[in-house]
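Each remark here refers to the structure printed beneath this line.
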Amino acid sequence: MNLKKMITESRNKNSMEIDKLSTLEMLEVINNEDQKVSLAIKTQLKEVAKAVDLIANAFLNDGRLIYIGAGTSGRLGILDASECPPTFGIPAGLVVGIIAGGKDAILKAVENAEDNKQMCVDDLKDINFNSKDILVGIAASGRTPYVIGGIEYAKKLGAITIGISCNPDSILAKSVQIPISPVVGAEVVTGSSRLKAGTAQKLILNMLTTGSMIKIGKVYGNLMVDVEATNKKLVERQKQIVMEATDCTKKEAISALKDTNGHCKTAILMILGNLKASEAKILLLEKKGFIREALKAIKFN
């Protein structure tokens, strides 16, 4: 593929002389370009919504969300995956990020790793990737062989495939069931797709996981009710969440969290439903973790 014909590799007319500008002027150019990212993503929201619904359905049917990428794209996938367990209280293996070149590539480039299709196939086999899982290929260019190899393998297994790229009609976009292609334009520094393209990828990954977690009951209102209290800050956040969700006092929140072994969602249902901790726990299990569904059951009983 001719790199000069790719939008992500083209030169940006607005930054042709960025090296001559004052620091403030330079940053204004960067900031003006960054503002184009959210507008580019807006054009892709229907595709993102399709992806969110499919991911949520996979979670409810023993499937996983797997990200694959090289370089910046791979690191962004790992970042998003690693933040899901503490935020939403999910098992560590439910959302997985895989980068070309393995763990070493997280901190530094691994030569030629992104050019190896079979390497991604091997990486997917290592985690027992199967047809219940959803594979999201992340590649700003939309042509990274490592990612394309993984998508081809996933399709052979009958798994759902999603592609995030910043070049329209890319190889990746044509290869997946759901292409998400925000065209953010040429980068301020030519070809440096860690900039606008990377920002677009990060925002879309945020939507995929946050949206799907909301769909499976991990959020009540706009509160992260399955947050794990893994440090002092999060212990306090749990108390605040229970208080916000129920309008109870801090003392009542502390007591409910104690009775539920620090399970925020159960504590909320316990207070709102005037239930014992054991009753709230059972009801949540019956309603698959959805607080609103559990409250409806109490109301109509």
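Just for the stretch 263-277: of the residues that are in a helix (DSSP H, G or I) and of a type in the set (Gly, Ala, Ser), which one is surrounded by the most Cβ atoms within 10 Å (Cβ to Cβ)?
Within the stretch 263-277, the first condition is being in a helix (DSSP H, G or I), and the residues that meet it are 264-272, 277.
Checking the rest, the ones that are also of a type in the set (Gly, Ala, Ser) come to 267, 277.
On the way: Ala267: 30, Ala277: 18.
Residue satisfying both the conditions and the ranking: Ala267.
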- Message: Being open to solvent by 50 Å² or more (accessible area, probe 1.4 Å), under 30 Å from Thr266 (Cα atoms) and within 18 Å of the chain's Cα centre (by Cα): is that true of Ile214 here?
- Response: yes
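Each row is one residue, and each column tells you yes or no for (1) open to solvent by 30 Å² or more (accessible area, probe 1.4 Å); (2) among the hydrophobic types (A, V, I, L, M, F, W, C).
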residue: Arg11; (1), (2): yes, no
residue: Leu21; (1), (2): yes, yes
residue: Glu28; (1), (2): yes, no
residue: Ser38; (1), (2): yes, no
residue: Lys42; (1), (2): yes, no
residue: Ala51; (1), (2): no, yes
residue: Ala56; (1), (2): no, yes
residue: Ile68; (1), (2): no, yes
residue: Ser73; (1), (2): no, no
- Taking helices (runs of 4 or more DSSP H) that fall entirely within the stretch 168-256, which contain at least 3 residues that are touching a residue at least 40 places away in the same chain (Cβ under 8 Å)? 196-215
- Query: So which of Glu28, Glu47 is farther than 16 Å from Ser193 by Cα and in contact with a strand residue (DSSP E or B) (Cβ under 7 Å, 6 or more places away or on another chain)?
  - Reply: Glu47
- Note on the structure: Going through (1) touching a residue at least 60 places away in the same chain (Cβ under 8 Å); (2) surrounded by fewer than 18 Cβ atoms within 10 Å (Cβ to Cβ); (3) β-branched (Val, Ile, Thr) one by one, Ile282 fails only at (1)
- Message: Quick test of your reading of the structure: Ala297 fulfils all but one of (1) among the aliphatic types (A, V, I, L, M); (2) closer than 18 Å to Val219 by Cβ; (3) surrounded by fewer than 18 Cβ atoms within 10 Å (Cβ to Cβ). Name the failing condition by number.
- Response: (2)
- Task: Please tell me if Arg11 is closer than 23 Å to Val184 by Cα and part of a loop (DSSP other than H, G, I, E, B).
- Result: yes
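State which residue is modelled with the highest pLDDT when the search covers only the stretch 217-229 and only residues that are under 13 Å from Cys84 (Cβ atoms) and open to solvent by 40 Å² or more (accessible area, probe 1.4 Å).
Filtering first and then ranking leaves Met224.
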- Which one is least open to solvent (accessible area, probe 1.4 Å) among residues in the stretch 237-262 that are of a type in the set (Lys, Arg) and more than 21 Å from Thr87 (Cβ to Cβ)? Lys250
- For the stretch 120-166, name all the residues that are polar (S, T, N, Q), open to solvent by 10 Å² or more (accessible area, probe 1.4 Å) and touching a helix residue (DSSP H, G or I) at 6+ places or on another chain (Cβ under 7 Å). Asn130, Ser131, Ser141, Thr144
- Close pairs (6 angstrom Cβ cut-off, 6 or more residues apart or separate chains): closer than 28 Å to Gly221 by Cβ in the stretch 82-108, assigned to a strand (DSSP E or B) and at pLDDT 95 or above anywhere: Cys84/Val95; Val95/Leu65
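The values are calculated or read from the model by the stated rules, or taken from the named source; none is laboratory data. Because the structure is predicted, anything quoted here is derived from the model rather than measured. Note that each Cβ is placed from the backbone with ideal geometry, even for glycine, and that neighbours are counted across all protein chains shown. Side chains are part of the model used for accessible areas, which takes the heavy atoms of the whole protein and leaves out ligands, DNA and RNA. Shrake-Rupley method; radii C 1.70, N 1.55, O 1.52, S 1.80 Å.
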